Amino acid sequence: IEYAVNRYVNEVSRLYAVLDHQLTDNEYICGDYSIADMASYPWVVPHKRQLQKIENFPNLYRWFETVRSRPATERAYEVAKRINPNPTQMSEEEKKILFGQDASTLQRLRKDN
């Protein structure tokens, strides 16, 4: 598992560097605030769990703080906290849905319909 963790951490670091470079001359990923920022921001939120020091990517860090402080982002994450107060904890049913499916699941669904 050490290899998998290291590979993931290194890949996230590489992707952060790509974003950091893209943000060198841009306030937002595509220049103006867009769906690219909305889609990318949630992937950067767990930077600590991804074992990343976001401060090592100054442009990404600036962008992250800018997007985080947008009123719509703040409202969205307040709603998320109410809906899912324990985002890293899953019930057994949630684990079954997320991890317990394979090709036979689709085959059963096709038979039932």
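The values are calculated or read from the model by the stated rules, or taken from the named source; none is laboratory data. This structure is a prediction, so every number in the text was calculated from the model and none was measured. Because the Cβ atoms are built from the backbone with ideal geometry, glycine has one as well, and the counts that use them run over all protein chains shown.
Structure summary
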read-out: The lone exception for Arg70 - which of (1) loosely packed, with under 13 Cβ neighbours inside 10 Å; (2) of a type in the set (D, E, K, R); (3) farther than 22 Å from Thr88 by Cβ it fails; value: (1)
read-out: Flag for Asn6 being part of a loop (DSSP other than H, G, I, E, B) and either basic (Lys, Arg) or more than 23 Å from Pro87 (Cβ to Cβ) (or both); value: no
read-out: The range 92-113, subset surrounded by fewer than 10 Cβ atoms within 10 Å (Cβ to Cβ) and not in a helix (DSSP H, G or I), residue modelled with the lowest pLDDT; value: Asn113
read-out: Test: residue in the range 15-23 that is aliphatic (A, V, I, L, M), more than 13 Å from Asn59 (Cα to Cα) and either modelled with pLDDT under 95 or more than 14 Å from the chain's Cα centre (by Cα) (or both); value: no
read-out: Subset of the range 56-67 that is touching a residue at least 24 places away in the same chain (Cβ under 8 Å) and aromatic (Phe, Trp, Tyr) - its residue that is farthest from Ser13 (Cα to Cα); value: Trp63
read-out: Selection from the range 36-65 of residues that are among the polar types (S, T, N, Q) and either touching a strand residue (DSSP E or B) at 6+ places or on another chain (Cβ under 8 Å) or not in a helix (DSSP H, G or I) (or both); value: Gln50, Gln52
read-out: Any hit, the range 29-51, residues being in contact (Cβ under 8 Å) with a residue 40 or more places away in the chain and within 22 Å of Tyr77 (Cα to Cα); value: yes
read-out: Residue pairs meeting the criteria (Cβ under 8 Å; at least 6 apart or on separate chains; first within 19 Å of Ser40 (Cβ to Cβ) and at pLDDT 95 or above, in the range 68-91; second among the aromatic types (Phe, Trp, Tyr) and not in a loop (DSSP other than H, G, I, E, B)); value: Arg68/Tyr41; Thr73/Tyr41
